[in-house]
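Asks: Have a look at the structure that comes next, please.
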Amino acid sequence: MSVVIDTECCIVGGGPAGMMAGYLFARAGVKTLVLEKHGDFLRDFRGDTVHPSTLEIMYELGLAEGLLKRPHQKIERLGGNFGDTHLRIGDFTRIKAHYPFIVLMPQWDFLDFLSDEAKKLPSFSLAMNTEATGLIEENGRVVGVRAKGPEGEIGIRAKLTIGADGRHSTVREASGLKVLDIGAPIDVFWFRVDRDPNQGEDVLFNAAAGRIVVTINRGDYWQCAYVIAKDEAPKIRAAGLDAFRRSVIDAVPWLAPHIDQIASFDDVKLLTVTVDRLEKWSRPGLVMIGDSAHAMSPVGGIGINLAIQDAVAAANLLAGRLASGTLTDADLERVRVRRLWPTRIIQFVQVQAHRLILTPLLKDKERAPKPPLPIRIISAIPWLQRRFASWVGLGVRPEHVHSPRA
Ligand SMILES: Cc1cc2nc3c(=O)[nH]c(=O)nc-3n(C[C@H](O)[C@H](O)[C@H](O)COP(=O)(O)OP(=O)(O)OC[C@H]3O[C@@H](n4cnc5c(N)ncnc54)[C@H](O)[C@@H]3O)c2cc1C
């Protein structure tokens, strides 16, 4: 290792968790370095849903209006089509939030915005094209990270290392922290198809016999999620593109005019759905947040927002102490104690949604689907539609920014 950099906080991963943590630790006056293995934030679709909980955080940081100047769409209501039956299942308009709607914004725009704001802070640095390859340990304590950057191998020594490198985390692997695999019976194909002006509604859950397609209105195109049973992807690819396109338009006939835009299976990205979480989220000198601590199902579009909540909680609990030199290893465990409960509840609900809604709908390939009982109950009671929206939008145990500003 020819170059060794000293910092107070080294964050691995410039996703939602890492960039928000980077911003907040630097804002508290902690010398912070974020490592991101890619050269920019522009990469495959990774979800675009910025929930009211995240907008609330941005509001508290004085960043919400700036963010909302970037191109985006708003979702105020969620609906579902089950065969010919249309049901309303979520109403965000009356939830208690400064911004009672979901913002749809490409994740790279959100991350670009956050990194532009973070770069204004003197304690913040971002190293792009820099991939963490392992941890530096001394006497059982993590004291930094080994990485490969544009100039070759480097070492970063830090008082605190934060693992925020997503669900295939190198830091998690290197740390030896144990993973509890909860499992998921579904995978998801993602693709996009052009949208004609004024076509369709905001976000729709579309179920036809044996298939489910979620359509998200992104202005001039539809972002679509085609839900499949776990490991069914090779079978679907083997049946050919025409069969896939037909299956999509069976569930969502109004996608038909542009369905030929799916020109090959290269246009259809597979998300292998994983639901897991670490048993412990920290070791001396190291704490894990976001997907690297708990991979979530895409149900509810919660992953980005939960990652940001973790970052806020970590900064609330650790940034001030790190800045004042009073941080202890025992403090690191407090992040898990704070965030485990919301993570468990959300994962529990996602597992029930897999079990009670998605799996039965996917299994019955013969009949037009009936709306599952939980959906019928929600759609019959407007109060429940608001509660559902509030749960999805604000989450469980919403965090607020309490970390200091230097
Ligand atoms: C196809 C798809 C669709 C999704 N849809 C949604 C959605 O609609 N709504 C939603 O809320 N969530 C969605 N998610 C989940 C969401 O993307 C994640 O939950 C969220 O991004 C987690 O944030 P994170 O910061 O913890 O991790 P990530 O976003 O995974 O960020 C980790 C970052 O670390 C970097 N990195 C990885 N390894 C290293 C390394 N060794 N060194 C340096 N950098 C490294 C990565 O390049 C990445 O930038 C989707 C995910 C996928 C894959």
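Each reported figure results from applying straightforward, stated rules to the coordinates on display, with no laboratory input. Not measured: the values here are computed from a predicted model. For neighbour counting, all protein chains shown are included, and Cβ atoms are generated from backbone atoms with ideal geometry for every residue, glycine included.
Asks: Based on the inverse mean of 1/r over its pairs of different Cα atoms, what is the Kirkwood hydrodynamic radius of the stretch 200-303, in Å?
Replies: Computed over the stretch 200-303, the radius equals 15.9 Å.
Asks: Along the Cα→Cβ direction, 7 angstrom out, place labels at R237 and H86. What is the inter-label distance in nm?
Replies: 3.7 nm
Asks: Starting from the stretch 332-406, pick out the trypsin sites (Lys or Arg not before Pro) whose DSSP state is loop and whose Cβ has at most 13 other Cβ atoms within 10 Å.
Replies: K365, R367, R405
Asks: Kindly provide the Kirkwood hydrodynamic radius of the chain in Å, to one decimal, from all pairs of distinct alpha carbon atoms.
Replies: 22.0 Å
Asks: Could you calculate the FRET efficiency of K119 with R367 from 1/(1 + (r/R0)^6), where r is the beta carbon distance between them and R0 is 51 Å, rounded to 0.05?
Replies: It comes to 0.40.
Asks: Counting other Cβ atoms within 10 Å, which GluC sites (Glu not before Pro) in the stretch 141-178 have at most 16 and lie in a DSSP loop?
Replies: E151
Asks: How high is the relative contact order of the stretch 287-359, in percent, with contacts defined as C-alpha pairs under 8 Å that are six or more residues apart?
Replies: 35 percent
Asks: Let me ask something additional. Could you state the number of Å between the C-alpha centres of the stretch 62-120 and the stretch 241-302?
Replies: Here the answer is 18 Å between Cα centres.
Asks: While we're looking at this one, here's another question. Any idea what the dipole of the stretch 259-349 comes to, in debye rounded to 20, about its Cα centre with Lys/Arg Cβ at +1 and Asp/Glu Cβ at -1?
Replies: Dipole of the stretch 259-349, to the nearest 20 debye: 540 debye.
Asks: Separation of the stretch 129-196 and the stretch 311-386 by C-alpha centroid, Å?
Replies: 22 Å
Asks: Now, a different point. Between R405 and T328, how high is the FRET efficiency from 1/(1 + (r/R0)^6) when r is the Cβ-Cβ distance and R₀ = 25 Å? Nearest 0.05.
Replies: So the FRET efficiency works out to roughly 0.65.
Asks: Next question. Mean residue ellipticity at 222 nm from the helices of the chain, using -39,500 (n - 2.57) per DSSP H segment of n ≥ 4 over the full residue count, to the nearest 500 deg cm²/dmol?
Replies: Calculated mean residue ellipticity at 222 nm is -10000 deg cm²/dmol.
Asks: Something else: Report the Cα-based extents of the stretch 124-280 along its three principal axes, largest first, to the nearest Å.
Replies: Taking max minus min along each principal axis of the Cα atoms, the stretch 124-280 gives 61, 32, 29 Å.
Asks: Between K148 and R94, what is the label-point separation in nm under the 7 Å Cα-to-beta-carbon projection?
Replies: 5.6 nm
Asks: Additional query: Multiply the residue separation of Y221 and N129 by 0.36 nm, subtract the distance between their alpha-carbon atoms, and state the gained length in nm to one decimal.
Replies: Gain in length upon complete extension: 30.0 nm.
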